[in-house]
Amino acid sequence: MGLLEGKNALIFGLANDKSIAWGITQAFKREGANIGISYAGEMLEKRVKPLAEQVQCKWLEECDITKDDQIAATVEKAAKHFGKIDILVHSIAYAGRDELSRPFAETSREGFKTAMEISVFSLVALTNAFLPLLNPGASIMSMTYYGSVKVAPHYNVMGVAKAALESSTRYLAYDLGPKNIRVNAISAGPIRTLAAAGVGGFRDMYKHFADIAPMRENVTIEDVGNSAVFLASDLSAHITGEVLYVDSGFNIIGVQISENDEKNG
């Protein structure tokens, strides 16, 4: 019997088969969860529909998380289909390409607001909207990145947004704890996703990561999926407000010296 047998899981932010959300969806399916998938816009539907079919997902809904009425409508549809929800996954982030290629000091007011609204406030909005449907023992999780606490060149306004996302995780965990609902975040190492493609210098960062991380390996969407299963399951019953690093240990390194530097030293 799977770790998530009989649990209803909603996953927001699936874009394609390279998405972290896809790694999570597959892992949840493997562990017996009933899955619902929400995607961002019509353009993504043709990519997402076949993936939903692969995991026998019967609830597939478009939702623009910048519009409260669309969120409310999605909650209503979920209530009709599932009744109650046990797991809510937020895998949503966006910043304009310009904001990720020029210096952070040149971030535009509009670009800052957009990044914060889509990448951060959406977690708060979804949590609040779905609260009446969440069972005691429910688990909410979002996806973050180390650029929230240390500078990752070119990550810019997304780093600031992820810092706000991690802080929101703690405040939501405090609010929802008395209802026995947990809120956590997964901080994954760099993965070649659609979102990563917009970050300048990502390819170099991806290679550098594997040279520096203690385990000398990049992480995969499957790694994140397995960690999400843990946070979604009763195995993590008293873990809340945490950021779980799934990054081959990269975040513990202070002074960065690659193996080649050591040999040459």
Starting from the range 223-252, take each residue that is closer than 19 Å to VAL149 by Cα and without any contact (Cβ under 8 Å) to a residue 40 or more places away in the chain and list its partners that are among the small types (Gly, Ala, Ser) and assigned to a loop (DSSP other than H, G, I, E, B), counting only C-beta distances under 7 angstrom and pairs at least six apart or across chains. GLY249/ALA213
Given the range 122-230, what helices (runs of 4 or more DSSP H) lie entirely inside it while holding 1 or more residues that are buried (at least 23 other Cβ atoms within 10 Å of the Cβ), more than 15 Å from the chain's Cα centre (by Cα) and on the phi > 0 side of the Ramachandran plot? 156-176
Could you list, in sequence order, all residues of the range 60-101 that are within 19 Å of the chain's Cα centre (by Cα), of a type in the set (Gly, Ala, Ser) and over 19 Å from SER142 (Cα atoms)? GLY96
Condition met for ARG97 (at pLDDT below 95, surrounded by fewer than 17 Cβ atoms within 10 Å (Cβ to Cβ) and either out of contact with any Ser or Thr (no Cβ under 9 Å at 6 or more places or on another chain) or closer than 27 Å to GLU31 by Cβ (or both)): yes
May I ask you to list pairs of residues, at least six apart or on different chains, whose Cβ atoms are under 7 Å apart, with the first in the range 160-186 being within 19 Å of SER233 (Cα to Cα) and in contact (Cβ under 8 Å) with a residue 40 or more places away in the chain and the second being among the charged types (D, E, K, R) and not in a helix (DSSP H, G or I)? ALA173/ARG182; ASN184/GLU242
Among the candidates PHE104, PHE12, residue that is touching a His at 6+ places or on another chain (Cβ under 6 Å) and either over 24 Å from VAL229 (Cβ atoms) or crowded, with 20+ Cβ neighbours inside 10 Å (or both): PHE12
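The values are calculated or read from the model by the stated rules, or taken from the named source; none is laboratory data. Note that the coordinates shown come from a computational prediction; the quantities given were computed from them, not determined experimentally. A quick note on method: Cβ atoms are made from the backbone with ideal geometry, for glycine too, and the neighbour counts reach across all protein chains shown.
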